[in-house]
1. Which of the numbered conditions does Pro67 fail, given that it passes all the others? Conditions: (1) in contact with a Leu (Cβ under 7 Å, 6 or more places away or on another chain); (2) in contact (Cβ under 8 Å) with a residue 12 or more places away in the chain.
2. Failed condition for Thr107, given (1) at pLDDT below 90; (2) assigned to a loop (DSSP other than H, G, I, E, B), with all others met?
3. Quick one: is Leu38 outside any strand (DSSP E or B), surrounded by 13 or more Cβ atoms within 10 Å (Cβ to Cβ) and at pLDDT 90 or above?
4. Looking for something closer than 30 Å to Tyr96 by Cα and hydrophobic (A, V, I, L, M, F, W, C) - is there at least one such residue anywhere in segment 40-56?
5. Of the numbered conditions (1) outside any loop (DSSP other than H, G, I, E, B); (2) surrounded by 12 or more Cβ atoms within 10 Å (Cβ to Cβ); (3) under 32 Å from the mean Cα position of the chain (by Cα), Lys13 satisfies every one except a single condition; which is it?
6. Determine which single condition Gly46 fails, assuming it passes every other condition in (1) within 25 Å of the chain's Cα centre (by Cα); (2) at positive phi; (3) not basic (Lys, Arg).
Amino acid sequence: MLKVLRSSRFVDKAPAEIQAILLDEGIYLCSVATMYRLLRAHGETGERRAQAEHPARVKPELIATGPNMTWSWDISKIKGPATWSYFHLYTIVDIYSRYVVGWMVATCRIR
């Protein structure tokens with residue numbers, strides 16, 4: 001039975017699916033519970049399908065060894081004087097010196 005479960009035809013299928021395929025062909029080898037029992041006894045009850053392995057993601061890091069080498073930006077929403085009125089504050093920051101290189105305020109209406 002293990003030879004059938006490990007064959008290239010069934011290696012990526014669940015035991016219930018294997019039994020259904022074999023029953024369609026008129027073959028009964030054992031129950032689904034027995035298939036699971038055999039797989040569990042040999043430590044093969046985990047994921048049977050081939051899994052893609054993705055490389056670990058590298059978190060981007062901004063490095064500046066002097067001023068004006070790398071800038072970052074931010075947008076902040078500021079409440080306006082009237083109801084439902086807001087301003088957007090756009091800022092550009094030099095990450096080495098932490099100075100604001102540029103900024104702009106724009107109106108924004110939320111509807």
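1. Only one criterion is unmet by Pro67, namely (1).
2. So Thr107 meets the others, but not (2).
3. Working: outside any strand (DSSP E or B): yes; surrounded by 13 or more Cβ atoms within 10 Å (Cβ to Cβ): yes; at pLDDT 90 or above: yes.
Spelling it out, Leu38 is indeed outside any strand (DSSP E or B), surrounded by 13 or more Cβ atoms within 10 Å (Cβ to Cβ) and at pLDDT 90 or above.
4. First, the residues of segment 40-56 that are closer than 30 Å to Tyr96 by Cα: 56.
Those left that are additionally hydrophobic (A, V, I, L, M, F, W, C): 56.
Scanning segment 40-56 turns up at least one residue that is closer than 30 Å to Tyr96 by Cα and hydrophobic (A, V, I, L, M, F, W, C).
5. The one condition Lys13 does not meet is (1).
6. Result: Gly46 passes all but (2).
The values are calculated or read from the model by the stated rules, or taken from the named source; none is laboratory data. Because the structure is predicted, anything quoted here is derived from the model rather than measured. All Cβ positions, even for glycine, are placed from backbone atoms using ideal geometry, and neighbour counts span all protein chains on display.
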